[in-house]
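Trainee: What follows is a single structure, and I will ask about it in a moment.
The values are calculated or read from the model by the stated rules, or taken from the named source; none is laboratory data. Here the structure is a predicted model, which means the values were calculated and not measured. Cβ placement follows ideal geometry from the backbone for every residue including glycine, while neighbour counts extend to all protein chains displayed.
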């Protein structure tokens, strides 16, 4: 008997993925693998004892997994216990560095959001001489590499006597940044003017309109900017490293560098360093997982305006 011939209906053809779609998903999976593999290697190293780290470094899965490295970093084990587990004897005050990072990030986020939102509202709604030129200068500042301003800012902080202070650490970041101001301005332009004009006709000031009408309607973009700024400040290394050399003011990235450079036993404590790095990167991952979609939507919305 002849085998029945299978005919592909139009509906079945539509369900079959095209070659282009398959190639696109393959490329996306490859990029995702390249992105996540280094992060997994950090976690894998943090879960391995020092004794088997170099012998089993080629394995993709942790050998003899343990949480002792995280306990060492968090100060839950004594120095003798850390040395017995294969630690190098290096020490890191993780709690203090974590507190400094939280304080540094929080101050910058609050001050930058406050100044950027007010500047964005002024450029979106107010009319004053030189508004276009000033706005162009702000946009132009986005094209200036940050490394160009390091030396002038450092000299300024030194002349003001703000080295080794939290004020000196947050000063270059606390005022409005070009991207934050531009992002919020684009959203403010989309708010109907009728709401503001009605309040102004009733005798409200621009300051009242800004705080009582505009800000409550702008929670999503402000939260987006706060998250993006917070992630950048949480990972900031170079400026806190230059300004705050005192160990009492070290933020997490600087403390990790100091921990790596301490080699009492002749080599860095790689397992402890990776354990500390895993904990340090956890807040960023949680923010991106929880609010990443909202950030993308907010950026697309403001960019389309």
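Trainee: For region 19-38, does any single residue satisfy the condition of being under 17 Å from residue 274 (Cβ atoms) and modelled with pLDDT under 85?
Mentor: Looking through region 19-38, none of the residues is under 17 Å from residue 274 (Cβ atoms) and modelled with pLDDT under 85.
Trainee: Over 30 Å from residue 237 (Cα atoms), in contact with a helix residue (DSSP H, G or I) (Cβ under 7 Å, 6 or more places away or on another chain), surrounded by fewer than 16 Cβ atoms within 10 Å (Cβ to Cβ) and assigned by TED's automatic domain parsing to the domain that holds residue 217 - does that describe any residue in region 151-164?
Mentor: No, region 151-164 contains no residue that is over 30 Å from residue 237 (Cα atoms), in contact with a helix residue (DSSP H, G or I) (Cβ under 7 Å, 6 or more places away or on another chain), surrounded by fewer than 16 Cβ atoms within 10 Å (Cβ to Cβ) and assigned by TED's automatic domain parsing to the domain that holds residue 217.
Trainee: Mind counting the residues in region 143-173 that are closer than 17 Å to residue 113 by Cα and not in a helix (DSSP H, G or I)?
Mentor: Result for region 143-173: 0.
Okay, residues lined up against (1) assigned by TED's automatic domain parsing to the domain that holds residue 253; (2) at pLDDT 85 or above; (3) crowded, with 16+ Cβ neighbours inside 10 Å; (4) not in a loop (DSSP other than H, G, I, E, B):
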residue: 45; (1), (2), (3), (4): no, yes, yes, yes
residue: 51; (1), (2), (3), (4): no, no, no, yes
residue: 56; (1), (2), (3), (4): no, no, no, no
residue: 59; (1), (2), (3), (4): no, no, no, no
residue: 83; (1), (2), (3), (4): no, no, no, yes
residue: 101; (1), (2), (3), (4): yes, yes, yes, yes
residue: 109; (1), (2), (3), (4): yes, yes, yes, yes
residue: 113; (1), (2), (3), (4): yes, yes, yes, yes
residue: 117; (1), (2), (3), (4): yes, yes, yes, yes
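Trainee: Taking residue 249, is it crowded, with 20+ Cβ neighbours inside 10 Å and modelled with pLDDT under 90?
Mentor: yes
Trainee: When you look at residue 187, is it out of contact with any strand residue (DSSP E or B) (no Cβ under 6 Å at 6 or more places or on another chain), under 17 Å from residue 233 (Cβ atoms), assigned by TED's automatic domain parsing to the domain that holds residue 108 and modelled with pLDDT under 90, yes or no?
Mentor: Considered against the rule, which asks whether it is out of contact with any strand residue (DSSP E or B) (no Cβ under 6 Å at 6 or more places or on another chain), under 17 Å from residue 233 (Cβ atoms), assigned by TED's automatic domain parsing to the domain that holds residue 108 and modelled with pLDDT under 90, residue 187 comes out as no.
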